[in-house]
Structures are given as structure tokens and as C-alpha cells.
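Taking it in order: structure first as C-alpha cells, then the write-up.
The values are calculated or read from the model by the stated rules, or taken from the named source; none is laboratory data. Because the structure is predicted, anything quoted here is derived from the model rather than measured. Reconstructed Cβ throughout: ideal geometry from the backbone, glycine too, with neighbour counts over all protein chains shown. Ligands, DNA and RNA are excluded from the accessible area calculation, which covers all protein heavy atoms including side chains. Shrake-Rupley method; radii C 1.70, N 1.55, O 1.52, S 1.80 Å.
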Amino acid sequence: MPCMARSGFLTLRDCGNPEAQACAKCGRPMCTAHLSARSGFTECLDCASRAENLSPEDPEWAYGYRRQYYGTSGYAPLYFGHGAAYDDYDVRSFDSAANVGGPVDDAHEGDAGFGDS
Amino acid sequence: MPDSVLADQQKQFSLNRPIGEVIAQLVPLARADEAGDKVRSKLGCWAAACFFFAVVSFILSAAVSPYFLALAVAMIVLGIVNLTKYNRKKKEDLSDNLRLCAIPLLAALRDDFGSEPVEITLDLRPPLSNEKKTNEVKNGSGMRKETVTTYVDPWLSLDGILADGSRLQCSVVETITQRARWKRSASGKYKQKTKRKKKVDVEVSLTLKAKRFDVGGITNAEVKHGENKSTVSVSQKIARADDTPIPPAEVLNVIAGVYRQLRPARSS
């Protein structure tokens, strides 16, 4: 099974890396990059980020902040992926990934990011 | 875009690196600044305490024993030493915008920027430094005198490609207005009162791929349509009753405000 973590803040996308281990709390398959080192690589970053007193330097902090921001601001990110709606967030997903040319990893094209003059 | 550090000594940085490296470079600075703030606070307290005990010792030297005069002199010397150290530490002070806004903002957007280089310019000189003073007006005279000082602090500029293929450009400029006036207290003493207000201008420009995003639903932003891309520009002014740093959510709200109005593009 591929890693079921969702990366991003403004938009979400699938991680897609091969599973290393299932999260001990939520049971979702996770790759090593999305397992928390602080939990001894037993919990995913989403679950581990529920701990208090994390500092922004900690990679887990961003996951906790994301959850808090979505909850307080009502922001529902666009989801570029193949999975079902995200567990914790009311994402605005695409009708199908095919509509936008597949997962977002293909985004780094030659002309990306340069505006028309 | 060459990678450069403009001048550490001047507290101004221009970096062009992956966001993880930018954060890694800024975190030690933030830690040092936080530690410096704590030390400065202690030094300030010690200096005040020394001067207080110096006054008490002077009184006791006249009333109780002349030996207290030596203690008073020692306290003054100690107070001056602490004050000197305090001023030296103050010169090393960085803007709290780094610790309380920039690093959390960059950390939140870390996954969105991925491993692509991000061009970031930070001005970490304290917002009320003389270099940022742009105007000073003195009104009235004597005890009714009021001084209005304006500081302009363009402390953040960010430009990078997001993982969804969009180009995000963001800048934050703060304008602090400080009013200082003399007031007579209930006990009859004249004291200078200072009040500060802040206006924060957050400007965001997003260049979005037409094949990925439909910008037709955007209403409260300037949209320039191109053949393959559209550029959405939005500016927001945030007023604050004090001069504390804005939380990162205020900047994210402006960026997310554009994303909220986007729709997925239909395949052609």
C-alpha cells in the first residue's frame, strides 16, 4: 500500500511513497518520511502533532498547525490526489485526477510559475 | 538569482534556497534572539534593582551609618555595568517578526514549496530602529508637546514555485505610528506616554496554470488572464492596536483567500 499521508497546506496531494509501517494510532499506512521520529516512528505526523508544546522548527508542528488552521479558519484545501476525501478535512477534491493531468507531482514543468508579460 | 547573504551584521538577509534550508538557517538566529531577549530582560531588572538599592543606601548612609555610602557607590557601579551590557545586547536584537511570524509561516508552507528554491528577503532590524524611521512630526509646545513618529518596515518578501505549479509572490510591509505625549498624573507628576499602532500591508500574487485552476470565480482580486496562466493579485491591509508581530495566520489568510475562490480546471 502507498503512504496515505497528505502533503501540503494550501493544496493537498498524496505522498504516494511505499508504506513502511502503519500508524499505531490511526492505522493508516505511512512511509518513513511521514512517521514521527519523536514517537519512535510508530505514529504518523498527523497523530503525533496532536502533542502540545511543539515548536515551528519541529517538522510535526506544521501538521498540527495545518489542522488547527483548517479548523479555525474554515479553509478547505483543494486536493490533488486519488484517494477519498481526507479524514480530518473537508477538502474540495477534483472530479477525478485525470481532469487535471494526474497527481500534482507533474507540476514542475519548464514554464511553471512564470507569468505572461 | 544568485544565492547570497547580504549582510548578517545589518540583519538583512536575501536567500535563494529550498525552504528547508532557509528554515534551518533562520532557526539558530531565532533561538539566539530569544535567549538574548531573556538575558536583556534580566539585565534590565538587575540595573533597575541596583539603582534602587543605591538610592536606599544613600538615605541609610545619612540616617544610619556612613558605611552605607560605599554600598551606594558599589550599587551605582553595578547598575552602570548592567546597563552597559543591556545596551550591548540590544544592538544584537532582531525583529520578533522572525520568531513569531516568519519561521512559523515558512514552516507551514514547507510542504507546499517542496525542494524548489525559494527567494526570500528578510529585514530583521527591529521595527522601531532609526533606519526604519521615515517621518517625525512634533506638535504643540511645553508639556502639551506630542511627537508622532512613523516607521516603515518592509520586512518580508517571498517568491517561489509551489508544488501545484503556481508561483507565489508575497510581501509584508508594516507601518508603525508612534505617538508620544506628556501627561500629568493624578499625583501631579508629568510622565511621557507612548502609544503605537500598526498597519500591515500584505500583498500576494499567484500565477496559476490554466490547465489546473479555473480563476473565473475570483471576485475580490485583480486577475490578469494569459494564454496558459492567470495572475491573481490581492492586497490586504491589517490594522493592529499595538506593535506586536502579526501571527502567521494573517498572512496565510490572504494567500488562502485566493485559493478559496479557485476551482479545479476542467479537462479540455
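Computed values, structure above
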item	result
Listed peptides B:231-243, A:64-76, A:42-54 by packing density, highest first (mean Cβ within 10 Å)	A:42-54, A:64-76, B:231-243
Most mobile of B:E131, B:E250, B:E92 in a GNM of chain B (Cα contacts under 10 Å)	B:E131
Convex hull (Cα only) mean projected area of chain B, reported in nm² to one decimal	19.6
Reference-scaled alpha-carbon Rg (2.2 N^0.38 Å with N residues) for region B:187-268	1.68
Helix B:248-260 vs. chain B, principal-axis angle (Cα, 0 to 90°, nearest 10)	10
Derived scalar couplings ³J(HN,Hα) [region B:188-202; Karplus, 6.51 cos²θ - 1.76 cosθ + 1.60; whole Hz; x for Gly, Pro]	x, 7, 9, 10, 8, 10, 10, 10, 10, 10, 10, 10, 10, 9, 10
Over region A:1-52: Kirkwood hydrodynamic radius from C-alpha pairwise inverse distances, Å	10.8
Heavy-atom SASA rank of A:M30, B:M143, A:M1 (probe 1.4 Å, accessible area, largest first)	A:M1, B:M143, A:M30
Probe 1.4 Å, all protein chains present, accessible-area order of B:H225, A:H34, largest first	B:H225, A:H34
Region B:1-137 - charge dipole about Cα centre, Lys and Arg +1 at Cβ, Asp and Glu -1, debye rounded to 20	800
Whole-number D in µm²/s for region B:92-187 (Stokes-Einstein; Kirkwood sum over Cα pairs; 4 °C, 1.567 mPa s)	80
Kirkwood-Stokes translational diffusion coefficient of the protein assembly as shown, alpha-carbon pairs, 25 °C, 0.890 mPa s, µm²/s	102
Qualifying trypsin sites (Lys or Arg not before Pro) for region B:67-175 [loop in DSSP, other Cβ within 10 Å: at most 12]	none
Between helix B:68-91 and chain B: long-axis angle, C-alpha atoms, 0 to 90°, nearest 10	10
Average silhouette area of region B:9-50, convex hull of alpha-carbon atoms, in square nanometres	3.7
Folded to 0 to 90 degrees: helix B:19-63 orientation relative to chain B principal axis, Cα	20
Dmax and Rg, reported as Rg then Dmax, of region B:168-216 (C-alpha, Å)	22.6, 71
B:V173 accessible area, 1.4 Å probe, all protein chains in place, Å² to nearest 10	40
Per-residue ³J(HN,Hα) for region B:209-225, Karplus 6.51 cos²θ - 1.76 cosθ + 1.60, θ = phi - 60°, Hz, x for Gly and Pro	6, 5, 6, 10, 10, 9, 9, x, x, 7, 10, 9, 8, 7, 10, 10, 8
J(HN,Hα) series, region B:92-101, from Karplus relation 6.51 cos²θ - 1.76 cosθ + 1.60, nearest Hz, glycine and proline x	8, 5, 10, 4, 5, 4, 5, 6, 9, 10
Geometric extent, Cα atoms of region B:131-209 - Rg, Dmax (angstrom)	20.2, 67
Shielding by partners, peptide B:102-113 (average Cβ within 10 angstrom, other chains)	6
Viscosity 1.306 mPa s, 10 °C: Kirkwood-radius Stokes-Einstein D of region B:23-136 over Cα pairs, µm²/s	91
